[in-house]
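Only the coordinates and a few stated rules stand behind these numbers; no lab work does. The shown structure was predicted, so the numbers you read here are calculated from the model rather than taken from an experiment. Cβ placement follows ideal geometry from the backbone for every residue including glycine, while neighbour counts extend to all protein chains displayed.
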Amino acid sequence: MSEKITVAEALVRCLEAEGIKKIFGYPGAAICPFYDKLVGSKIQHILVRHEANAGHAASGTARITGKPAVCVATSGPGATNLITAIATAYMDSIPVVIITGQVSSEQIGRDVFQEADITGAAQPFVKHSYLIKDANLVPEIVKKAFYIAGSGRPGPVLIDVPYDVQLQTIDFEYPESVELCSYKPKYEGNKLQIKRVAEAIKEAKKPLICAGGGLFSAKAGEIMRKIAETANIPVICTMMGISIIPTDHPLFMGMIGMHGRIAPNKAISECDLLILLGARVGDRAVTAIKNREDLKVIHIDIDPAEIGKNLPVSIPVVGDLRTVLTQLSEIIGTQENADWVKYLHELKNNDKRQNFISDESTNGVNPAVFIEKLNKLLPDECVISADVGQNQIWTANSIRLRGANSPSEENVSVGGRFITSGGMGTMGYSVPAAIGAKSARPEAEVIAICGDGSFQMQSMELATMVQHDINVKIIIMTNNRLGMVREVQTNNYENRLTAVFLDGSPDFIKLAEAYGIKGGYVNDEAEADTALENMLKSDKPYILQVKVDENERSIL
Amino acid sequence: MKHTISILVENNAGVLARISGLFARRGYNIHSLAVGVTDNEKISRITIVAEGSDYTLEQIEKQLNKLIDVIKVRSLSADKLLARELVLVKVACKPVQRTELIDIAEIMAAKISDVSPDSMTLELSGNQNVLTTFEELLSPYEIIEIVRTGTVALQKGSSGIRV
């Protein structure tokens, strides 16, 4: 049965029908009709303090639930402020539905107040976008947007709704399903190809699984782990793949890449069969395999465009990872590979290198030692949201996430989960993403780890945490530097340091106090345990300001 | 190497911007582009001639396929290519020169589409080489303006690209 309601109300009803409980946004004139209809809806609106953070928060929620999450902004600057968040979600294949207000239809193209061509501007970063011209199509378009965002290779979908369209009355009925003749993602893998994969694994002496973020999207962690265990295949991961398998799993060797550890990088340069699962062979990740002509590569991904894009592939398989790996698990046999696993194990265990300069002259804490102290206190149910820069690498290499963190259909993120802006490397991601993660998984301990540079790109969100009672913990690694850039200047520019000094930064604990948030300082390792305990004991937002030496490295 | 690519798309607003944007940001060069509606008014057919290696062509096809509005992408093979362009040339022409231009038109099987006391407009469709020859033949005359479409193309034989 259809009924007559305005488009603004229809939008709210569509979101309710999609099971959306919380949305992140920032209102403005052009989106006011929509906000007006939020009154009385069960959907909770979380007011962020900058539109980009609405996008990041939605991204945090989407990573945890595995389903599209929603952010809202107004026309013009509200919409353009979202672009970085849209691009961040796009690069990491995160399903986000973005709703923006637009100036009235008859004013479009006249450069009126707060007009921006957001569908045009965001086009390189969206999976798809709609500028709504026909009010009657709204229910169908929203249904399509959710379907497109969440299916196939997930990604952001933008819906731009002109002011006058929001006020029009339509016959509302939310479609149960939609069909797009031009978009039909392929889920099942080609049986013949999968057979070839099984044979290649059987023949290999030194097989290796490289786990990427696509395994989270496909909820394929569990089945990947089973395959690795059955055939005794060591697992390494990209930054996006961290926590797809418990970090203490005997087959897990660590994160690859220019910032990764020895064992995984040796593994990738010495393996005879590389099985890429939902990894897009990013430039920072796989420098080590560029020149290996003898290497056999299996690449399984839902996006055919990723296969063969950055690396020649011997056996391509297009399909949904969970479906394909389930197909594979039915024909794969047990295997030894004992020497290979043992060899990598020894490499991993003997890798005593830490990032750090740690000697008497060291100022502050050794980041790895500090993260290890956090590991010891961390509950199994947690989300670690790392920002971008040295803090990200320190966390990625040292965090230990226990628990059965292999997402399934029912529960995408059980146990410890690591999230970060992997592809785009967007500073200021960790806190809003943590806000989104906490909103989706309130029972988990959610901790954002950032630097003093990145924190100052998101410190306004402390207000959001307080206002909406979102219990996120924040660890700020402070070295009064843009540490990663400083490191690049030290290594590549003869230590000519320029524009990396953060003098003028506030005392972050005092800043937090101004928001009514408690916190503590960690100036050396002796203070770390108590400070971390205090932080984890708190049932309110809490901030730790951790001192790190200014010369600390992130490249091993 | 030049490739001719046929794309069937949903006839939605902005679809051309999505496609040309994709070519621009991924660094694929477009030589020519032609768009027109098909026998199904909801579907348009785009013909793009692009330059690039086989790797580039493969990437173009895959990236185009990712666009939601794109229904089908086919690269047309060079040996079965039936490709046409259309050119309109307006030449300054006094009445005494008309016979010369009519001769050229006849030789090239071009049409005379418009005549005025001071000009003559000739129209020719054909493949790129024919059009280039035609333009060369007209080059001794004063060309007032010239307009040329992008290539439209299909494959010879009975098979076709349909939804």
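To the nearest 0.05, what FRET efficiency results for A:M460 and A:E533 with a Förster distance of 35 Å applied to their C-beta separation? Please list the in-between numbers first.
On the way: r = 28 Å, r/R0 = 0.81.
Working from the Cβ atoms, E equals 0.80.
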Just subtract the alpha-carbon distance of A:I331 and A:S105 from 0.36 nm times their residue separation and send over the number in nm, one decimal. 75.7 nm
Could you work out which residue, out of B:V87, B:V147, B:V49, moves most in a Gaussian network model of chain B, that is, has the largest mean-square fluctuation with Cα springs under 10 Å? B:V147
Suppose the chain between A:A338 and A:D134 were pulled fully straight at 0.36 nm per residue; how much longer would it get relative to their current alpha carbon spacing? 67.1 nm
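Using only DSSP helix segments of four residues or longer, with each worth -39500 (n - 2.57), what per-residue ellipticity at 222 nm results for chain B after dividing by its residue count and rounding to 500? The partial results should precede the final answer.
Working: 4 runs with 46 residues, N = 163.
Roughly -8500 deg cm²/dmol at 222 nm, from the helical runs in chain B.
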What nm value, rounded to one decimal, do you get for the distance between B:A109 and B:T38 when each label is placed 7 Å out toward the C-beta? 2.8
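Residue separation times 0.36 nm, minus the C-alpha to C-alpha distance between B:L82 and B:V163: what's the value? Let's see the in-between values first.
On the way: separation 81, 0.36 × 81 = 29.16 nm, distance 2.02 nm.
Roughly 27.1 nm would be gained on extension.
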For a quick check: with amide H placed at 1.01 Å from N, whose amide H comes under 5 Å from A:C382's, ignoring anything fewer than 5 positions away on the same chain? A:G415, A:G416, A:R417, A:E445
Placed amide H near B:S32: partners under 5 Å, 5+ positions off or other chain: B:V49
Just to be sure I understand the model, the point goes 7 Å from the Cα along the line to the Cβ. What's the resulting A:T362 to B:N129 distance in nm? 7.4
Name the residue, out of B:A105, B:A24, B:A50, whose mean-square fluctuation peaks in a Gaussian network model built on chain B with Cα pairs under 10 Å. B:A24
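Over the alpha-carbon set of the range A:27-163, divide Rg by the Kirkwood Rh and report the Rg/Rh ratio to two decimals.
Numbers: Rg = 13.7 Å, Rh = 14.7 Å.
When Rh is taken as the Kirkwood radius, the ratio is 0.94.
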Those lysines that a straight Cα-Cα span of less than 20 Å connects to B:K94, excepting residues fewer than 8 apart in one chain: B:K111
Loop chymotrypsin sites (Phe, Trp or Tyr not before Pro), the range A:1-65 (other Cβ atoms within 10 Å of the site Cβ: 15 or fewer; DSSP): none
Between A:H249 and A:A29, how high is the FRET efficiency from 1/(1 + (r/R0)^6) when r is the Cβ-Cβ distance and R₀ = 35 Å? Nearest 0.05. 0.10
Of the GluC sites (Glu not before Pro) in the range A:139-185, those whose Cβ has at most 15 other Cβ within 10 Å and which sit in DSSP loop: A:E173, A:E176, A:E179
Would you mind telling me which residue in B:G126, B:G27, B:G150 has the biggest mean-square fluctuation in a Gaussian network model of chain B, where springs connect alpha carbons within a distance under 10 angstrom? B:G27
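Can you tell me what share of the DSSP beta bridges in the protein assembly as shown is antiparallel? A percent to the nearest 5 is fine.
Values: 50 of 121 bridges.
Beta bridges within the protein assembly as shown, antiparallel portion: roughly 40 percent.
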Tell me the net charge near A:A145. Cut-off is 12 Å between Cβ atoms, A:A145 excluded, with +1 for each Lys or Arg and -1 for each Asp or Glu. 0
Expressed as a whole-number percentage, the relative contact order of the range B:1-78 with C-alpha contacts under 8 angstrom and at least six residues apart is 48
In order over the range A:147-154: 3J(HN,Hα) from phi, Karplus 6.51/-1.76/1.60, θ = phi - 60°, whole Hz, x for each Gly or Pro, gives 5, 5, 4, x, 9, x, 7, x
Relative contact order, percent, of chain A when contacts are C-alpha pairs under 8 Å separated by at least 6 residues? 14
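Whole number please: convex hull volume per residue of the Cα set in the range A:233-345, in Å³? Display every interim value, and only then the final one.
Numbers: hull volume 12.3 nm³, N = 113.
Hull volume normalised by residue count: 109 Å³.
Would you calculate the volume per residue, in Å³, of the smallest convex hull containing every Cα atom of chain A?
On the way: hull volume 85.9 nm³, N = 556.
Roughly 155 Å³ of hull volume per residue.
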Once you place label points 7 Å from the Cα toward the Cβ at B:R148 and A:A499, how far apart are they in nm? 4.5
Cβ-Cβ cut-off under 10 Å around A:N551, Lys and Arg +1, Asp and Glu -1: the net charge is -1
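Normalised by the residues of chain B, what does the relative contact order come to in percent, with Cα pairs under 8 Å and at least six apart?
Values: 286 pairs, mean separation 44.9, N = 163.
The value is 28 percent.
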